[in-house]
Structures are given as C-alpha cells and as structure tokens.
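Here is the structure we will look at.
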Amino acid sequence: MEKFLKSFIHYFLLVIIFLFPLLFLPFTQEFFITNKLYFLGFASLILLLASSFHLLFSKKISWSSRPFDGSVILFVLAVALSILISSPNKVQALLNPNFGLLGILSLTVLYFYLSRNNGIMKQWNNIISFSTLLLSLITIVFFFQPFKNTNLPTSLQFLKNASFTPIGSQLDLAIFLGFIVVYQLVHLLIKKQSNNETMKQSIFNFSLLTFNLLALFLTLYSLLKTIPASSSQLQTSILLPPFRLSWYAAVETLKAPLTALFGVGVDNFSAMFTAIKDVFYNQSNLWQINSFSVGRSGLLQIMTETGLFGLISFGLLLLTVFKSAFAKASADKPFISSFVYLFICLLFLPPSLPLFFLLFVTFGVINHAPTGDIQEKSLDLSGLVPIYLGTVIVSFVLIAGAGYFLGRSYASEYYFKKSLDGYLNNNAKEVYDNQRQAILINPYIERFRINFSQTNLLIANNIASKAQPAPTESAQRTQGSAQLTDQDRQTITQAIQAAISEAKAAVALNQQKASNWENLAAVYRNVLAVAQGADSWTVSAYQRAIILDPQNPIYRLNLGGVYYTLKDYNQASSMFQQAVSLKADWANAHYNLAWASFQKADYQLAASEMQNVLNLIDPKTNKTDYDQAQKDLEEFKKKLPTTTGEATQSGQLQQQQLSLPQQPSNQVEPKIELPKTASPEAK
C-alpha cells in the first residue's frame, strides 16, 4: 500500500502539471482562472489525503528539509497575516484567484511534493511539452476563428472568440508560452553542445519549439495590435494599469506603520488604486475604468497588499532560489533560465495564478534533488498509539473541513453562473433563486451581493412600470406617476428593501471600495421616485464614493445628476464644474454644466459651456450629438443680449452620448416609506 501511495502521488503530480494550462469548465461565471484555482485547491487536498493514508498504514511520519522551505513558509505566513490584520473581506481575500491565500497555499503544497519527488525530472519535459503543444495548437487554430460563421448554442459562443485560450487571458498565454520557449531553447542548446541527443529527438524538439514560437507570435500580435480607442487615439487590446500608479500605491503603504508592515490587505489593491489615482489618469484612455484589482507589477502588488513583510519574505525566497539555482549543474540550466524569465515577468507584469503556478513549479523542480547533506528523517509512532491515532484523526478532519469549505465555495460560483444563464433565458425566477442560493452558500462575495441588489431593483422597477395611472386625479399627479395595488406596493417595498440590504451588505464587506458605495448610491438613485428619504441617502452614498475615489469625474457627474433631478441647480452646477475640472475634455460634463447654468439663468456660462461641447465633438463621427448641442446653443443664444460667436470643430473626444439627468420614470404616489435601517449610515 505504501508503494502504491507513493506511485499515486508521483503520477498525480504529473497530471496536475499537464492539466493546469488546459483546464477550463463552463460551470462558473469565469471559465478559466476560477476553475484552475479550485482544481489546485482540491488537488492539494488529494495529495495531503494520500499522505494521511500513508501515515495510517506506515505509522511513521517522514520528512526532509530543502533550501527553499523556510522562505516559502515565511511568504505564506506573510500573506496570511496580511489577510488577518489588513484585509476587510477576509473570505474574498482567501479566494482571490490572482493572488489569494487559497492559491498560494495550494501552490505551496505542490512545491513541497515536487521538491521531494526525485523521479519527476525524468518525465517533466515530456509532460509539459505535450501539454504546451496542445495549448499552442489551440491558439493557432482559434486565431483563424474556425467557428466564426457557425451557429453555436449560447453556452458555446465563447468558441467564436479569436482570443479563446484554455489558460485564461491572452497575457497569461503569452507568459506561459514564453516560459516554455525559453526552457526549450536553452534545453536544445545544451543538448546540441553535449551531442547527447539523437537526430530523431532533435527533430521532435525543434518541431515543438516551432509550434510554440508560432503560437507565441500570434498571441503577441493579438495583444499588441492597435484598436480604435477614440476618433483620434489608438490603444492596444490589452488593458494594464499605469506602472507609475502601481508604484505610487506601493509607496503610499509606507505612510502608516501598520500598512507599511502588512500592506492594505490581500484583495484590496483596488481600494488603494482609487486613493492614489491622480488627475493625469483622467487624460489617458483608461479613465472610464474606475479601478484595477491588480497592479502593473507583481512585486509592487505584493508590497501593496502584504507590506514590507510580504515583499521581504518573497525577496528572500527569490534570493535563495537564485543562489541555489546558479550552483546547480548544467542539466538544470533550462529551469534557471526560465526562472530568470519569470522574475522579469514579476517585475513588469500583473500577478496571476498561471504566473505563480510556473514560479512554484520551478521552485519545486529546481529544488527536487537532495544533496549529500539532506537526509530523510522519520518518527515511528507504532509504539505511541494515542499520538498516532490523534494525528491521523486530526489530519483527516482538517482535510475534510477544507474540502467542505472548498466545495461550498465552488457550489456558490456554480449557482451564480446559473443565475446568469437565467438572464440569457429571460427567466426571472431562475435568476432570483440562483443568486439567492449563491449568497446563502457563500455570503462573503461582494460580486454576488451587488448583482442580487440590482436584480431586486429590477423586480421593483418592473412592477412599478406595469402599474396603471390613476383614473382620477391624474392631472394633479406628477407626470408618469402610477397607482399601485396594496399587493404591488408590498412587493415593491420588499424588493427595494432587499436591493438596499444587499447593496449595504456589499459595502459592509469592504467599506474601502468606492465601487461598493457607488452601487449603493445607484440603488438609492433608482428609487428616488418611489421611496421617501432616497434623495438624501443617494447624496450621502455618492459622497462616500467620492471620498474614496477623489479623482473620479464620473461619480461627481452622477451626484450632480441627482441634484439636477431634485432641482437643486446650485449644487448640480458645482458637481458638474468639478467633473469638468477633473476631465476637461469630457463633452458630457460640459453639456450638463451648460444646462445646470441655464436652469440658474446664468445664460452666459451656459452658452460658453455648450460652445465647449461643440469644440469637443467631432461632427463627422458623432453627428447626432453635435446637432443636438448646436440646437441647444442656438436656444441659449436667444437669452443673451449679444451673440457668442460660431461653433468651431476640433474632434478631440471619443464618440459618446450627450445626456441630461432624467427623473426616474416609474414614479409612485404616495411614496413608499422605508425603515430607517435603509439609510446608508444605519448598521
């Protein structure tokens, strides 16, 4: 049995390495990285379970040390402490797919098994070569979009995407293929110099390298090709946060002792990004992306989220690997070269699960062979029955508990995916029931809460829109107001309360994220015409979002829109002016400021701002908006004692829709009275 378990662990490690880049399942909202994360989690538990059975049958605990062990454990400890001390949403930090504790722990288990499996090197090259060959063939085939004109069911529409890859994103694909190409190039050079390879092997290895190079070239072409970002600008298809802002985020953590030591917490980079984002960001093509969840550099993200403790522990790990790797024989030079390549990726590219997978596998394989100073030690527990039984029972209980937690977490992702399928099937009950089930299983995922709040809001709006206007007193009511039955009012009240409750739950999970407050504000804003007190709550929530994301012009425009709807034109004008100050080339901000000024009877400013709108719109690409702004300007001029001059054309802004804030269409009288707990300040 002991021999069988060792053999099982050996081949299971090879299966993990082979499947990881190819695995994807359509059972979660995100098909690729999410499933790879849970695959690694369950795989690590299976490895630990096999070792527990080995202990059960052998009654011995065996262990040996390797040079990297201490540094790996120290880094895992740094990540865990960052979550415990700094992360607002600890469960979501544990499950973060790019850089979370579950992924790091699973990869650590994989490292320990790889570094102690002396036979892994004999089959590594064949396994990784075959897996990468399949990945390269898929990349080459899908680049030419073979299913572009094929009628596929909704669940398979992703196969029409030219950038489809089982590994996840095109950037992760480029990193993975680059790693293999570096490994194979160095491997071929060493074999050629040593004349240690037959002609047949040389042709096979050269063919593999050729396929991988072609796939890498096509991937880089897809990543770097330019696409129109506006009427006057181009950008690449890959969107990455600016390196300088990732640097600012890391430096910002040094301003407080706690964040300097432990960072802002895993899964909390986006909160720091909005805090340090400057006005120059609004001049880039990325300005409508409020925040990024990952930094431009893996090392800078480690420092931002785990602090100096995490950065130093990871730096010690890399230093130990460098020191050990360069002392190895030439047979390990392909891995050493690939490790240097991964280090460069960590310096300049965002962290991701595939990148960390390659890194930890490289740690394990470089560290696999024991030296003469390393000896395996064992402790015989056959004579210590209570300790032996206790150790076995505890290990099985811990593995079962971790498996139960992982199973529930994955089940919540499955139910959430089913709710999204309900949207496609236009089945409101399927959407509602599955989102509710996902939250019942795992109530700590902000994404679930935000979507469920919007689902409840949609239910309330649908019922309000179906209500018929009152047959009498209609002339006395606000235009568009509706009369509801008692049952309708009760259902709308419950749906609104649920929407607010779920939006507040997302805020409670992480109050440092501006996007959570913005979602709460949007919920309040959508019930302005229905619920009493929603106006002040909307303003309060938007103000909290602005505090957390002070350079965001969109939040100020939205808050100004709320004031405009409430006919508070002074406050609306102030917010629109702030939006213009933050994003001077945003036509819609000037347009709203023009109308707010017009409502205040400041006709000179109104005409001036509408002229700015015309200067920013290209009439060739956005004629509808240009004509509307020109028509509005002519109306404004009628209020002026003198004319303001003719419009000029510059065409400096991307196509967009000019829009004024609108009063919510489904108004209800009398308004529904919500409990005080619906307020954003209420806990």
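Could I have the simple spin-label model distance between Leu213 and Glu2, label points 7 Å from Cα toward Cβ, reported in nm to one decimal?
So the label points at Leu213 and Glu2 sit 5.0 nm apart.
Would you work out the charge dipole size for the chain about its Cα centre, treating the Cβ of every Lys and Arg as +1 and the Cβ of every Asp and Glu as -1, and quote it to the nearest 20 debye? Present the calculation step by step, with values, prior to reporting the outcome.
Working: 50 positive and 39 negative charges, 290 e Å.
Dipole about the Cα centre, nearest 20: 1400 debye.
For region 370-449, run through the GluC sites (Glu not before Pro) and keep only the ones in DSSP coil with at most 14 other Cβ atoms within 10 Å of their Cβ. It would help to have the intermediate numbers written out before the result.
On the way: sites: Glu376, Glu413, Glu430, Glu446; in loops: Glu376.
Filter output for region 370-449: Glu376.
With all distinct Cα pairs included, what does the Kirkwood hydrodynamic radius of the chain come out to in Å, to one decimal, could you say? Each step should come with its number before you reach the end.
Numbers: mean 1/r = 0.0349 Å⁻¹.
Result for the chain stands at 28.7 Å.
Give the percent of DSSP beta bridges with both residues in the chain that are antiparallel, rounded to the nearest 5.
Working: 7 of 10 bridges.
Approximately 70 percent, going by the DSSP bridge assignments.
Can you flag which of Lys6/Lys122; Lys583/Lys639; Lys122/Lys333; Lys200/Lys333; Lys191/Lys323; Lys277/Lys583 are past 18 Å Cα-Cα? Before the final figure, lay out each step's value.
Details: Lys6/Lys122 16 Å; Lys583/Lys639 28 Å; Lys122/Lys333 15 Å; Lys200/Lys333 23 Å; Lys191/Lys323 24 Å; Lys277/Lys583 13 Å.
The answer is Lys583/Lys639; Lys200/Lys333; Lys191/Lys323.
Using modelled backbone amide H atoms (1.01 Å from N, in-plane), which distant-in-sequence or interchain residues come within less than 5 Å of Ile672's amide H?
Amide H to amide H, under 5 Å and 5 or more residues apart or across chains, Ile672 pairs with Ala531, Gln532.
Could you give the length gained by full extension between Ile127 and Lys200, i.e. 0.36 nm per residue of separation minus their alpha carbon distance, to one decimal place? Each step should come with its number before you reach the end.
Values: separation 73, 0.36 × 73 = 26.28 nm, distance 1.83 nm.
Result for the pair: 24.5 nm of gain on full extension.
Quick one: if the Förster radius is 30 Å, what FRET efficiency do Asn462 and Ala508 give, using the C-beta to C-beta distance and rounding to 0.05?
Values: r = 27 Å, r/R0 = 0.90.
E between Asn462 and Ala508, to the nearest 0.05, is 0.65.
For region 37-52, what does the Karplus curve 6.51 cos²θ - 1.76 cosθ + 1.60, with θ = phi - 60°, yield as ³J(HN,Hα) per residue in whole Hz, taken in order and with x for Gly and Pro?
4, 6, 4, 5, x, 5, 5, 5, 5, 5, 4, 5, 5, 4, 5, 5
Taking the beta-carbon count within 10 Å as an exposure proxy, list Glu681, Glu609, Glu634, Glu305 from fewest neighbours to most.
Ascending Cβ contact count within 10 Å gives the list Glu681, Glu634, Glu609, Glu305.
Whole-Hz Karplus ³J(HN,Hα) for region 343-360, in order, using 6.51 cos²θ - 1.76 cosθ + 1.60 and θ = phi - 60°, x for Gly and Pro?
4, 5, 4, 5, 6, 10, 10, x, x, 7, 4, x, 5, 5, 4, 4, 5, 6
With an 8 Å cut-off on Cα pairs and a minimum separation of 6 or more residues, tell me the relative contact order of the chain in percent.
Working: 1015 pairs, mean separation 101.4, N = 683.
Dividing the mean separation by the residue count of the chain yields 15 percent.
Name the trypsin sites (Lys or Arg not before Pro) in region 565-606 that are in a loop by DSSP and that have at most 12 other C-beta atoms within 10 Å, would you? Before the final figure, lay out the partial values.
Values: sites: Lys567, Lys583, Lys600; in loops: Lys567, Lys583, Lys600.
Loop-located and lightly packed - Lys567.
Would you tally the net charge around Arg447, using a Cβ to Cβ cut-off of less than 11 Å, leaving Arg447 out, and scoring K and R as +1, D and E as -1? Before the final figure, lay out the partial values.
Values: positive: Arg449; negative: Glu30, Glu413, Glu446.
My count for the surroundings of Arg447 gives -2.
Sort Ile439, Ile344, Ile46, Ile496 by Cβ crowding within 10 Å, fewest neighbours at the top. Show your work: numbers first, answer last.
Numbers: Ile439 20, Ile344 10, Ile46 17, Ile496 26.
Ascending number of Cβ neighbours within 10 Å: Ile344, Ile46, Ile439, Ile496.
May I ask for the net charge around Phe31, where only other residues with Cβ less than 12 Å from the Cβ of Phe31 are counted and Lys, Arg are +1 while Asp, Glu are -1?
On the way: positive: Lys36, Lys417; negative: Glu30, Glu413.
Its environment carries a net charge of 0.
Here, each number is a calculation from the coordinates, and none is a lab measurement. A quick note: this is a predicted structure, and the numbers were derived from the prediction, not measured. Neighbour counts run over all protein chains shown; Cβ positions are idealised from the backbone, glycine included.
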